[in-house]
Amino acid sequence: MKKIYLFLSLTIMAYMGASCSLEETAYQADESYVKDADVAELLLQGVYKQLGSDGIYRHNLPFIFNLTTDEAKPEGSSLTAQRTEGCNAFTATSSYVQQTWQALYAAIYDANYFLEMMGRKMPEFTEDDQKKCELFIAEAKALRALLYFELVRWFGNVPLVLNTADSYKSAHEHKQADPTAVYEQIEKDLKDAIGILPYADEDNVRRSNSFRISKGGALGLLAKVYATWAGYPVLDESKWEDAANTAKQLVESGKHGLLPSFDTLWVNSASNKWDPKESLIELSYWSPLSTTESCGRVGNVNGVRVTQGALESGNHGHNVFYYLNPPFFTSWKDYEKDLRFGISYADYNYTKDGKKKYCIKTIDGVKNQQVSFLMAWLWKDQHKDWRENWRFEYSYRLTNGKWDTEIYVPASNYQVDNNYTNINWYVLRYADVLLLYAEALNEVNAGPTAEAYEALNMVRRRGFGQDVNTPSADADVSGLDYAGFQKAVRDERGWEMVGEGHRRQDLIRWGIYYETVMDTYVAYSAWYSTGQKYYLGGEYTIKGKHELLPIPQREVDLCGYKQNPGWN
């Protein structure tokens, strides 16, 4: 077992694959201990583990780099610490940018090594073990596709490294690939995986497929890849048809669906319950006895503020960095009937005195009245002065209720310290794919089809607390033209997946990122007279620049990579 850990540590030491830092002597791991599929499976788990690192899904991609949208912003009104990245005020020397680049290529290196090692070792295995390893190879390809998908959509022109030998080339040999070539490799890897992997409920080969990629996850990811490929900046609109057909295959398989209750998603993620009906790709951070890298930050940086020692938290608490924008919620259609509305935002925090609204004021002579976000938003015009005062409080204090640790996390699974939690992270849900399906059908047909309406309305019905398969006068939309349906889907993606790390990339692929940020900046003035100072991203976002992260300056200097537009 010590050798297994040594292998994982050595591959992590080689973490700067394709980053011009691998001119050292390559490490050669001892593979003599890899005698069967059980050991191979342990090594594959090392690739999964890297997805949960700070540079990828534990911190940077869903939280730090997904801020400054219409949906979210960093807390505060000044550029300090990670607010710089959250407000688009950083440079190509950002340590967070370098960390993400390194983490993605570290995981790609391990995936490449695993695939090569399987090619060498599988002929020695029994026939049954070879069947298992065929699935493991498919998983590794799907994981590599996911990693390259994040690289190409965040960084654009990136090196395409498909074997470990290329990781050790000298600096001048490393070349950036055209994004189309990267997308073509992603497509190939996912198609290979789809051809081998079973659906989660048909898997009788792997010991467990909990929190593992199956056919449904690979199909859903490929549909999302096509939709992104079709959008900005590549703009290959022929991929809309591929997106529609791939999503259709998943939808018509009948193997996945929406959970009956939206709330159940957050109960499950907080209690490490794997339900592959809706969860297509999910990271498990379940490690209740650990304070190390096995744990995550979900709920700690993007949930509800908890004072140390309050309620279920015991001796632990957390400050929240990921804040929501009030103007985003004031545009929420049918908020009174949509159950997701009340779940998705939190206008309160937890102190040693219990659950408290952020805004506590004197109203009509009565002291200590707790003012809700809705009161601050909807209060009558004759109390305009009060309303303005209340709105100030929610200009910088609205957080996300999906990861309210005091509601969803049982005491037995509470956060392990002030920095880490055991809450899982959804990378891809079936609802996401349904909305992509509706979007793609609208694009292919220059208007919504019956199937497009049904996909969109199923998501809305569940949001309204109704049966997803039963038409609803309250939830269903109808009678829209191409532009109207496009807007409906874009709005719905925001309302369904607020805070889940998708919004910035959605706005980018739609080609409206800068415009949306500027609209939000203006909307803050309408919300509160000096509200713009709490949305600093509006001052620093530049069109044609912030649609991509910069290539890390270290890589530009060492490898001679071409820097992304605006970042020189």
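Taking E85 and the conditions (1) surrounded by fewer than 21 Cβ atoms within 10 Å (Cβ to Cβ); (2) in contact with a Pro (Cβ under 9 Å, 6 or more places away or on another chain); (3) among the charged types (D, E, K, R), which numbered condition does it fall short on, given that it satisfies the others?
In the conditions (1) surrounded by fewer than 21 Cβ atoms within 10 Å (Cβ to Cβ); (2) in contact with a Pro (Cβ under 9 Å, 6 or more places away or on another chain); (3) among the charged types (D, E, K, R), E85 misses (1) alone.
Could you tell me whether any residue of region 167-177 is touching a residue at least 40 places away in the same chain (Cβ under 8 Å), on the phi < 0 side of the Ramachandran plot and of a type in the set (F, W, Y)?
Within region 167-177 (the criterion being touching a residue at least 40 places away in the same chain (Cβ under 8 Å), on the phi < 0 side of the Ramachandran plot and of a type in the set (F, W, Y)), the answer is yes, since at least one residue qualifies.
Of the numbered conditions (1) under 19 Å from the mean Cα position of the chain (by Cα); (2) without any contact (Cβ under 8 Å) to a residue 60 or more places away in the chain, F149 fails exactly one; give the number of that condition.
(2)
Find all pairs meeting these conditions: Cβ atoms under 7 angstrom apart; at least six residues apart or on different chains; first residue within region 437-450 and more than 13 Å from K248 (Cα to Cα); second residue of a type in the set (V, I, T).
Within 7 Å, the pairs are N442/V489.
Given the residues L190, L135, L151, L146, which is the only one that is modelled with pLDDT of 95 or more, touching a strand residue (DSSP E or B) at 6+ places or on another chain (Cβ under 9 Å) and in a helix (DSSP H, G or I)?
When all the criteria are applied, what remains is L146.
Pick from region 315-345 the residues that are among the β-branched types (V, I, T) and not in a loop (DSSP other than H, G, I, E, B): which of them is nearest to R460 (Cα to Cα)?
I343
Among the residues of region 448-468, what is the count of those that are among the β-branched types (V, I, T) and either at positive phi or surrounded by 19 or more Cβ atoms within 10 Å (Cβ to Cβ) (or both)?
Looking only at that region, the number is 2.
Might you let me know whether region 503-512 holds any residue that is over 30 Å from A446 (Cβ atoms) and touching a Ser or Thr at 6+ places or on another chain (Cβ under 7 Å)?
Taking every residue of region 503-512 in turn, none turns out to be over 30 Å from A446 (Cβ atoms) and touching a Ser or Thr at 6+ places or on another chain (Cβ under 7 Å).
Identify, by number, the condition in (1) touching a Pro at 6+ places or on another chain (Cβ under 9 Å); (2) crowded, with 17+ Cβ neighbours inside 10 Å; (3) polar (S, T, N, Q); (4) at pLDDT 95 or above that N209 doesn't meet.
The failed condition is (4).
Could you run through region 509-528 and say how many residues are out of contact with any helix residue (DSSP H, G or I) (no Cβ under 7 Å at 6 or more places or on another chain) and in a loop (DSSP other than H, G, I, E, B)?
2
For region 346-361, what are the residues that are free of Cβ contacts under 8 Å to residues at least 24 places away in the same chain and in a strand (DSSP E or B)?
Selection gives K356, K357, I360.
The values are calculated or read from the model by the stated rules, or taken from the named source; none is laboratory data. For clarity, every value in this text was computed on a predicted model and none was experimentally measured. Here the Cβ is made from the backbone with ideal geometry for all residues, glycine too, and neighbour counts use every protein chain on show.
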